[in-house]
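Inspection log for the structure reproduced underneath, given as structure tokens.
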Amino acid sequence: MSCFSLFISSTFQNQQCIHSFISFNKLKKVDHSPSSSFNCFSKAGWTPSTGTVKDFVTKRAIYTLCYYFSELHDEFSRTWLLEFENFGNRGELRDGSYAYLLRLFKSPMHIFEISSGPDPRYHSYSRKFEIEISPSSIAIRLMRVREQVAAECASDLALVSAENLEINRQQMELSLNVGADLEPLRSLIFENDPFTSDSTPLRTETYRRLQALLTEAAVCEYLAELRETSYHDYLWLMEYRDAAKLFGKYRKHQEKFSSGYPYLWSGEYNKQGFLFNMLRLAPIQRTHPVKWIYPNQIAHRLMELRLEVGERWIQELQSIPSDHQKLIYSHLESSIPSSTSEEDE
């Protein structure tokens, strides 16, 4: 990787630089063309694509790298990365991770100009400084962070089975002791101390969001399955999902869900979440035609799908380092001008 870094950085020395003037250490926004937002969960029955978890890892890697920039007091690199393709405002990637990283590699050098002095009205007392931002260097750092985040997510996805068992165990405890305080009885499945481990600083937050995304994917896959087999169950799960604020259309069960990440119950919230509440619901009768819906059976099927999707995602995450190698080779091939062979006499 170091050889690639040296070669790539040298190829960008002769590229055209973008200049922007900044006075009083205030950053001026970099003008990048806006892109349409990408929401992969916008349709009921959506089936998780291959790039879902990889895009998730890329976004978490961007926030993690920005955290590192803040710790190093490199606000210029942090601001530029957040404003690249307006990611800081949109929070989404345009056209997926591969295209995003490739465009980041190909972006020209950026130079921030800073003026300092006692009074900007007197130019004779002001001084100007230039700070160069190398997008290719940021891309290299981002890929390294992305590989570490991917390895952590793959390790955390192995805890899905234990999380499912804990949800079932807590539901059993509550059925045997109605009104009991479950917090002292909770088993700690995931534990990460950023001060004693070499994990990324945002791993705990990444774990919560990964579990939420996994449940979203399981719900979408199950909706596609129910639409072909049981339309009553399909409609009920859509209403329940929307009531959990996943899509925000219905509010029938709003009081049953906590804010933040309602899809996986944990003792860190005062109220139980998506799967835990579903296990506690009594059977529901629907008409036209008459049909009994059993939420606890739907919850157990969602847990099975969480395991299946999690296993697929682990395999996808393990391919990220090889994806980076392919991306670098592709970028190098496009950067080197092709030489024409001489014709044989």
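Take the stretch 49-78 and flag every residue that is part of a loop (DSSP other than H, G, I, E, B) and more than 20 Å from the chain's Cα centre (by Cα).
Restricting attention to the stretch 49-78, the residues satisfying the condition of being part of a loop (DSSP other than H, G, I, E, B) are 49-51, 72-74.
Selection gives Leu72, His73, Asp74.
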So, of the residues in the stretch 115-161 that are touching a Lys or Arg at 6+ places or on another chain (Cβ under 7 Å) and at pLDDT 80 or above, which turns out to be surrounded by the most Cβ atoms within 10 Å (Cβ to Cβ)? Val149
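Looking only at the stretch 288-322, count how many residues are surrounded by 12 or more Cβ atoms within 10 Å (Cβ to Cβ) and more than 12 Å from Ala158 (Cα to Cα).
First, pick out the residues of the stretch 288-322 that are surrounded by 12 or more Cβ atoms within 10 Å (Cβ to Cβ): 291, 293-314, 316-321.
Narrowing further to those that are more than 12 Å from Ala158 (Cα to Cα): 291, 293-305, 316-321.
Count: 20.
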Out of (1) of a type in the set (D, E, K, R); (2) modelled with pLDDT of 90 or more; (3) part of a loop (DSSP other than H, G, I, E, B), what's the single condition that is false for Glu221? (3)
Scanning the stretch 103-113 for residues that are surrounded by 18 or more Cβ atoms within 10 Å (Cβ to Cβ) and within 23 Å of the chain's Cα centre (by Cα), which turns out nearest to Lys128 (Cα to Cα)? Ser107
Farther than 24 Å from Val57 by Cβ and either aliphatic (A, V, I, L, M) or surrounded by 15 or more Cβ atoms within 10 Å (Cβ to Cβ) (or both): which single residue out of Leu174, Leu214 fits that description? Leu174
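Could you count how many residues in the stretch 79-95 are in a helix (DSSP H, G or I) and out of contact with any strand residue (DSSP E or B) (no Cβ under 7 Å at 6 or more places or on another chain)?
First, the residues of the stretch 79-95 that are in a helix (DSSP H, G or I): 79-90.
Filter again for out of contact with any strand residue (DSSP E or B) (no Cβ under 7 Å at 6 or more places or on another chain), leaving 79, 81-90.
Within the stretch 79-95, residues that are in a helix (DSSP H, G or I) and out of contact with any strand residue (DSSP E or B) (no Cβ under 7 Å at 6 or more places or on another chain) number 11.
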Within the stretch 192-210, considering residues that are under 20 Å from the mean Cα position of the chain (by Cα) and at pLDDT below 85, the one surrounded by the most Cβ atoms within 10 Å (Cβ to Cβ): Asn192
Any residue at all in the stretch 86-98 that's modelled with pLDDT of 90 or more and in contact with a Leu (Cβ under 7 Å, 6 or more places away or on another chain)? yes
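Give, as residue ranges, the helices (runs of 4 or more DSSP H) completely inside the stretch 231-345 that count at least 2 residues that are at pLDDT 85 or above, within 30 Å of Tyr100 (Cβ to Cβ) and charged (D, E, K, R). Before the answer, list the steps.
Numbers: elements: 231-243, 274-280, 295-318, 320-335.
Qualifying helices (runs of 4 or more DSSP H): 295-318, 320-335.
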What tally of residues in the stretch 146-179 results from selecting those that are free of Cβ contacts under 8 Å to residues at least 60 places away in the same chain and in a loop (DSSP other than H, G, I, E, B)? 4
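Could you tell me whether Thr196 is of a type in the set (S, T, N, Q) and in contact (Cβ under 8 Å) with a residue 60 or more places away in the chain? Give the derivation first.
Working: of a type in the set (S, T, N, Q): yes; in contact (Cβ under 8 Å) with a residue 60 or more places away in the chain: no.
In short, no.
The values are calculated or read from the model by the stated rules, or taken from the named source; none is laboratory data. Remember, predicted model here, so these are calculated numbers, not experimental data. Neighbour counts are summed over all protein chains in view; Cβ atoms, including those assigned to glycine, are modelled from backbone coordinates with ideal geometry.
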